[in-house]
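The structure under discussion appears below in the form of structure tokens.
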Amino acid sequence: MITAKNVTKRYGKVAALNDVSFAIRAGESVALWGANGAGKTTTLRCLLGVQGFEGELIVNDIDVRKQGKAARAAIGYVPQETAFYDMTVLETLRFYARLKKAAQQRVGEVLDQVQLDNHSAKRVNMLSGGMKQRLALAVALLADPPVLVLDEPTANLDVQAQRDFIHTIQSLNQSGKTIVFSSHRLDEVIALSSRVLVLADGRLTLECPPHELAARLGLHRWLRIWVAPEHKETTIQIFDREGYTYMPNGRSVYVQITHGGKIAPLRSLEQADIAVEDFDLIEGELQGGNHV
Amino acid sequence: MFDVANIRALAGKELRDALRNRWFIVFTLAFAGLALALSALMQPNGLQVRAMSFSRTAASLINLVLLFVPLIGLTLGSANLTGDRETGALVYLLAQPVNRIEVLIGKYLGVAGALLSTLTLGFGAAGVVLALQGSVQDAGGYLLTVLLAYLLALAMLSLGFLMSTLARKTAAALGGALFLWLFLVFIGDLGIMGTTISMRLPIQTIFLIAVLNPLQMFKIASILTIQANLEVLGPAGLYATDQFGALLLPLLLMGLLIWIFLPLVAAVVIFARQEKFTLKARSR
């Protein structure tokens, strides 16, 4: 469905993408993993043909360099940050439906599909972040394209909205859509992808199944737990006694957890009658108390 | 190469956007109000005066157009692409099955439609008042002035769009537009006057320098349509009438058309080749 051969993109002397090659089969869901500046967004924009590049990119048998517009017709794009015009939800969908040559009846269908049918008369700037992201997905689905390209689609969503969005994308993948998305969230990559392409400094450095990603990159999951100052010492003693890797940081303590093991350290504190004031899940490596 | 349906969809959206823009509404009301006020002030007292009412109103409107139309054309054009670029709406639009030329042309036509609607409303309201007063003898000259105002508006819009393709930020584009407006409206005139006095330029050079400014082209052509000669402009006007005769008006019209198409084509070419500003990625 998608083939990239020796794709290079330079901004002056800086190579944002350097000789990147990969292939994605129809129906696959592939994650582009990497830190900010790794080349994820550039890869997606090259796929969309909205910026020039060296090398070859084929999407749905269409050469992106030669037929960018046709390639974009085969792709539904969901950006990281939605940027709609000042229109209602319905006007927005009708406008993009005209550009995508989608039948106007598709507007009602996609509204229903992303559960925005009760909000069609609202102005877009009145929608929540999650709703705007669903509207972007609705726009992407208007022409029922075979490929969906999503740029860090849940980066700006709250936890519940993230779950709902991931569930919708999973359903679309199961219905046969090819999905390419960028992310630096491990849980999202595990939930959504069947394969991960790791980018670093514009180069494709690793290709692996999502469940191997954490081990291959040496990533860890941390639970940051806030407790009252008088309980902090006891909390550290408990984590020390139970063999956790931990790191105190101000009023909180970072404790390393395994996949699916989020609840265990919280239970240990509960059994010791230590009230947890708040907690947060963090993925990556800790450097001096800060996650990366 | 171009998809007319895409251009139409984009133009329609831009037209709706402009008609919802409160600054645009303020401009429209101000222009229509001033045009109406001018036509009312020109109210004739007798039959002899009545015969000249249309041309007198047209002459007054020329000064109104010279001040207002370049300002709104330049600012609407210059803020268009830069505004979309800053919000991220442009990159999202370009990620759809459209090409850059369709986007620019569609946007231009939409804003042009809104701008010409404003002029039509202003000139139309003034024209209706004059018609009700029975002063319809010189309606042809009045309509030709309206046509010239349309051409000037489109030329200013083209220059605004060119600035919008070149500028990175809306503030910079608007600053450039305001400077250009000042230059064309005030500094250009004063500069020619000063140069003429200090360098004792020959009359034909003064005329040629003057008509490089699209506002002067509009002014000279408009005066020609309502007065048939350029005596009011002094020696330069007499030189132009003597030198070009009946060809002067068509030449000025052609000049305005060049001022419409040249900046627009330049904007299209630049925008079609451009990606650095538009796609300045937040994360690579």
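If you wrap the Cα atoms of region A:143-286 in a convex hull and average its projected area over all directions, you get 10.5 nm².
Net charge of the neighbourhood of A:Asp19, taken over other residues with C-beta under 15 Å away and scored Lys/Arg +1, Asp/Glu -1, is 0. For the residues A:Glu277, A:Glu207, A:Glu152, a GNM of chain A with alpha-carbon springs under 10 Å puts the largest fluctuation on A:Glu277. Here the scattering of region A:220-291 is modelled by Debye summation over its C-alpha atoms, one equal scatterer each and no solvent; at q = 0.25 Å⁻¹ the log10 of I(q)/I(0) is -1.22. Sorted largest first, the spans of the alpha carbon positions of region A:35-88 along the three principal axes are 37, 29, 16 Å. For A:Tyr11, the residues 5 or more places off, or on other chains, whose built amide H falls under 5 Å of its own are A:Ala16. Share of pairwise Cα-Cα distances greater than 18 Å in region A:111-179 is 34 percent (whole percent).
Residues in region A:212-235, backbone N under 17 Å from the label point at A:Lys262 (7 Å along the Cα-to-beta-carbon vector): list them, ranges by number please. The answer is A:220-226. Taking label points 7 Å from Cα along the Cα-to-Cβ direction, B:Leu29 and B:Ala172 give a separation of 3.5 nm. Figure note: B:Leu71, B:Leu190 ranked by solvent-accessible area, largest first, 1.4 Å probe, ligands and nucleic acids not counted: B:Leu190, B:Leu71.
A loss of 50 Å² or more of accessible area (1.4 Å probe, protein heavy atoms, ligands and nucleic acids excluded) relative to the isolated chain is seen in these residues of region A:61-83: A:Lys69, A:Arg72, A:Tyr77, A:Ala83. Modelled spin labels at A:Arg65 and B:Asp242, positioned 7 Å past Cα toward Cβ, are 6.3 nm from each other. Charge tally around A:Val124: other residues with Cβ under 10 Å, Lys/Arg +1 each, Asp/Glu -1 each, net +1.
Using a probe radius of 1.4 Å on protein heavy atoms only, what is the accessible area buried between chains B and A, both sides summed, to the nearest 100 Å²? Chains B and A together bury roughly 3100 Å² of accessible area. Overall, the anisotropy analysis places region A:1-68 in the oblate class: the square-rooted eigenvalues a ≥ b ≥ c of its C-alpha gyration tensor yield a/c not less than 1.5, with a/b not exceeding b/c.
Computed log10 I(q)/I(0) for the protein assembly as shown at 0.07, 0.09, 0.10, 0.13 Å⁻¹: -0.58, -0.81, -0.92, -1.24, from the Debye equation with unit scatterers placed on every C-alpha and solvent omitted.
Over chain A, the hull volume per residue, using the convex hull of the C-alpha atoms, is 151 Å³.
For chain B, complete DSSP H runs whose alpha carbons reach 30 Å or more along their own long axis and whose mean Kyte-Doolittle score is -0.5 or higher are B:53-87, B:100-132, B:139-166, B:248-273. Inter-label distance, A:Asp144 to A:Lys122: 2.8 nm, where each label sits 7 Å from its Cα along the C-beta direction. State the percentage of accessible surface on the protein assembly as shown attributable to carbon and sulfur atoms; use a 1.4 Å probe and exclude ligands, DNA and RNA. The C+S portion of the solvent-accessible surface of the protein assembly as shown is 59 percent.
When DSSP beta bridges are restricted to pairs lying wholly in the protein assembly as shown, around 70% turn out antiparallel. Across all directions, the shadow cast by the convex hull of chain B built on its C-alpha atoms averages 17.1 square nanometres. A simple count of charges around B:Gly106, restricted to other residues whose Cβ falls under 13 Å of its Cβ and scoring Lys, Arg +1 and Asp, Glu -1, yields +1. In this structure the protein assembly as shown gives 45 Å² per residue of accessible area when probed at 1.4 Å with all protein chains present.
Of all aspartates and glutamates in the structure, those lying under 20 Å Cα to Cα from A:Lys177, and not within fewer than 8 positions of it along the same chain, are A:Glu28, A:Asp61, A:Asp63, A:Glu109, A:Asp112, A:Asp144, A:Asp151, A:Glu152, A:Asp164, A:Glu188.
The simple Förster model, with R0 at 25 Å and r as the Cβ-Cβ distance, assigns A:Ala275 and A:Arg163 a FRET efficiency of 0.40. Across the protein chains, with a 1.4 Å probe defining accessible surface, the residues B:Leu162, B:Leu238, A:Leu135 rank B:Leu238, B:Leu162, A:Leu135 from largest area downward. For the set A:Tyr11, A:Tyr77, solvent exposure ranked by accessible area (probe 1.4 Å, protein chains only) runs largest to smallest as A:Tyr11, A:Tyr77. When region A:220-291 is described by a simple charge dipole with +1 on each Lys and Arg Cβ and -1 on each Asp and Glu Cβ, the residue from A:Val227, A:Ala275, A:Ala264 located farthest towards its positive end is A:Ala264.
The values are calculated or read from the model by the stated rules, or taken from the named source; none is laboratory data. Note that the structure is a prediction, hence the values are computed from the model and not measured. Glycine gets a Cβ as well: all are built from the backbone with ideal geometry, and neighbour counts include every protein chain shown. These accessible areas exclude ligands, DNA and RNA; they are computed on the full protein's heavy atoms, side chains included. Shrake-Rupley method; radii C 1.70, N 1.55, O 1.52, S 1.80 Å.
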